[in-house]
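To start, the structure itself, in structure tokens.
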Amino acid sequence: MALSTMVLKMLEGFEGTCAIFFLTLLFSLPLGLLVALLRRSKLVIISSITKFCISVLRGTPLMLQLIAVAYGPYYLFGVSISRNKLIPVVIAFAINYAAYFAEIYRSGIDSMPIGQYEAAEVLGYSKAQTFMKIILPQVVRRILPSMTNEIVTLVKDTSLAFTISYVEMFTIGKQIANSQTSFMPFVVAGVFYYVFNAVVAFVMGKVEKKMDYYDI
Amino acid sequence: MSILSMQNIEKSFGKHQVLKDISFSVDEGEVVSIIGPSGSGKSTLLRCATFLETIDSGVIAYNDKPVTSMQNGKCVYVKDLNEFRKCFGLVFQNFNLFPHYTVLKNMMDAPVSVLGRDKEEVRAECMELLKKMGLEDRAEFYPCQLSGGQQQRVSIVRALAMKPQILFFDEPTSALDPELTGEVLKVIKELAEENMTMVIVTHEMQFARAVSDRVIFMDGGVIVEQGAPEEVFGNTENERTKQFLANYNR
């Protein structure tokens with residue numbers, strides 16, 4: 001198979017890769033913030049349950065979680081497996097990444113000096129206003145480097161979707177490699193991921209620069 | 001009429017009692033300085049007055065309206081503290097400006113989004129205040145682009161933008177070097193001349209003497225002595241006050 005044919009075929013799978021990437025970010029970024037707030041709850045029962053869930057999600061392989069979400073409902077409740085594999089993939093990814101993002105948000109929120117809360121309180125800001133206007137914008141600035149790290153990992157993790165035979169770039173690459181007994185598709189996949197991540201790093205670098213208008 | 005009244009205030013952190021049956025009040029137009037050694041409870045008293053700390057017992061009132069009341073031996077706060085927060089402003093030792101907001105936004109945001117006032121009207125007032133401070137060319141600067149003295153002056157005008165009846169200062173110059181201290185003290189002096197009601201916790205004895213109508217000396221969680229600055233600084237009878245001031249005049 002000519003290299004160009006190979007690349008074109010794998011590009012078809014790239015759409016699937018992008019779908020996982022963007023949908024996971026779309027759901028896990030807000031979900032992570034919610035989980036971070038639950039984790040910081042003053043009610044011990046809520047914070048302990050959240051802490052336990054995070055530890056399970058971080059302490060078990062994403063591949064296992066993917067399989068659990070995709071096939072668990074069938075084995076547990078006899079629910080037929082949906083033909084659209086994107087749904088279980090995004091659910092598993094969004095939940096897993098929300099756990100990681102939650103810990104990053106938490107570290108950012110915890111790093112905020114108490115004086116910012118006190119100044120806002122004395123000025124009469126409500127709790128919600130304080131968080132949305134004063135705390136969160138500064139937290140986002142502080143956690144951007146760790147976020148970039150996690151997002152870069154997400155790009156590479158999309159390849160795990162092949163375990164439940166969701167068609168993305170790596171799935172196609174593997175298929176070609178098997179049928180052609182060639183190592184080339186893996187090289188192409190490697191280049192794809194690398195370029196994708198170079199773009200991610202570039203964009204995040206721009207965002208960081210844009211938020212760099214004040215000192216912490 | 002007293003703007004602030006604090007009666008029989010008790011406050012403990014764990015087993016350590018920081019405020020022991022403190023009573024004092026501040027009248028309109030009065031400038032009160034609170035002096036005393038570190039750990040004497042001065043800052044805690046201010047933090048209780050501004051609801052950053054809750055008191056264990058006693059009564060706080062603004063304009064004779066009680067904020068707290070004793071019910072079955074427990075101190076209970078009213079529900080709507082924001083009604084009372086409008087009465088006062090607080091200037092912190094380390095400014096606590098919002099670093100992601102410009103000077104102008106630092107000042108304007110609370111009047112607009114907390115008090116719901118008209119944006120353009122607030123902007124005009126804030127620019128007027130900045131002009132008075134000689135900071136109008138800094139309106140679009142971020143706090144990190146200002147000197148410490150400028151930052152503290154901005155935090156003073158941020159508090160003034162809320163039009164408080166009384167302004168509290170918690171060691172406003174303690175984070176500044178001696179050269180920058182002067183510009184902040186000058187602003188406070190000017191406010192005193194305009195009859196702004198103020199309570200100032202400070203270690204600047206000369207300043208406290210010059211600016212205050214009344215000086216309160218605190219030690220070990222109690223008010224040891226209070227009176228006109230000439231009395232406290234000039235010819236105090238109290239041994240503890242004498243000892244404390246002697247260390248400053250060395």
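Taken together, the values in this text are just the output of simple stated rules run on the coordinates, not laboratory data. As the structure is a prediction and not an experimental result, all values here were calculated from the model. Cβ atoms come from the backbone with ideal geometry, glycine included; neighbour counts cover every protein chain shown.
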> Counting just the residues of segment B:71-130 that are part of a helix (DSSP H, G or I) and among the acidic types (Asp, Glu), which one comes out surrounded by the most Cβ atoms within 10 Å (Cβ to Cβ)?
Replying inline: B:109
>> Just to check your reading of the model, which residue among A:133, A:174, A:209 is without any contact (Cβ under 8 Å) to a residue 40 or more places away in the chain and out of contact with any Phe, Trp or Tyr (no Cβ under 9 Å at 6 or more places or on another chain)?
In response: A:209
>> Can you report the number of residues in segment B:154-179 which are surrounded by fewer than 18 Cβ atoms within 10 Å (Cβ to Cβ) and aliphatic (A, V, I, L, M)?
In response: 1
>> Being assigned to a helix (DSSP H, G or I), crowded, with 20+ Cβ neighbours inside 10 Å and in contact with a strand residue (DSSP E or B) (Cβ under 7 Å, 6 or more places away or on another chain) is the requirement here; does residue B:208 meet it?
In response: yes
> Can you name the residue in segment B:44-102 that is within 9 Å of chain A (Cβ to nearest Cβ) and among the charged types (D, E, K, R) and, of all such residues, is farthest from residue B:221 (Cα to Cα)?
Replying inline: B:86
> Residues in segment A:99-121: is at least one closer than 19 Å to residue A:161 by Cα, buried (at least 18 other Cβ atoms within 10 Å of the Cβ) and in contact (Cβ under 8 Å) with a residue 24 or more places away in the chain?
Replying inline: yes
> So which residues in segment A:122-132 are in a helix (DSSP H, G or I) and facing chain B (nearest Cβ under 7 Å)?
Replying inline: A:122, A:129
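Listed here are the residues, each with its yes/no results for (1) under 20 Å from residue B:191 (Cβ atoms); (2) in contact (Cβ under 8 Å) with a residue 24 or more places away in the chain; (3) of a type in the set (A, V, I, L, M, F, W, C).
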| position | (1), (2), (3) |
| --- | --- |
| B:33 | yes, yes, no |
| B:39 | no, no, no |
| B:46 | yes, yes, yes |
| B:60 | no, yes, yes |
| B:66 | no, no, no |
| B:75 | no, no, yes |
| B:90 | yes, yes, yes |
| B:99 | no, yes, no |
| B:126 | yes, yes, yes |
> Pick from B:168, B:141: which is touching a residue at least 60 places away in the same chain (Cβ under 8 Å) and either over 15 Å from residue B:36 (Cα atoms) or among the aromatic types (Phe, Trp, Tyr) (or both)?
Replying inline: B:168
>> I'm checking my understanding of the structure. Among residues of segment B:132-150 that are within 12 Å of chain A (Cβ to nearest Cβ) and either part of a helix (DSSP H, G or I) or among the hydroxyl-bearing types (Ser, Thr, Tyr) (or both), which one is nearest to residue B:168 (Cα to Cα)?
In response: B:143
> Limited to segment B:183-212, what total is found for residues that are in contact (Cβ under 8 Å) with a residue 24 or more places away in the chain, farther than 14 Å from residue B:169 by Cβ and out of contact with any Pro (no Cβ under 8 Å at 6 or more places or on another chain)?
Replying inline: 3
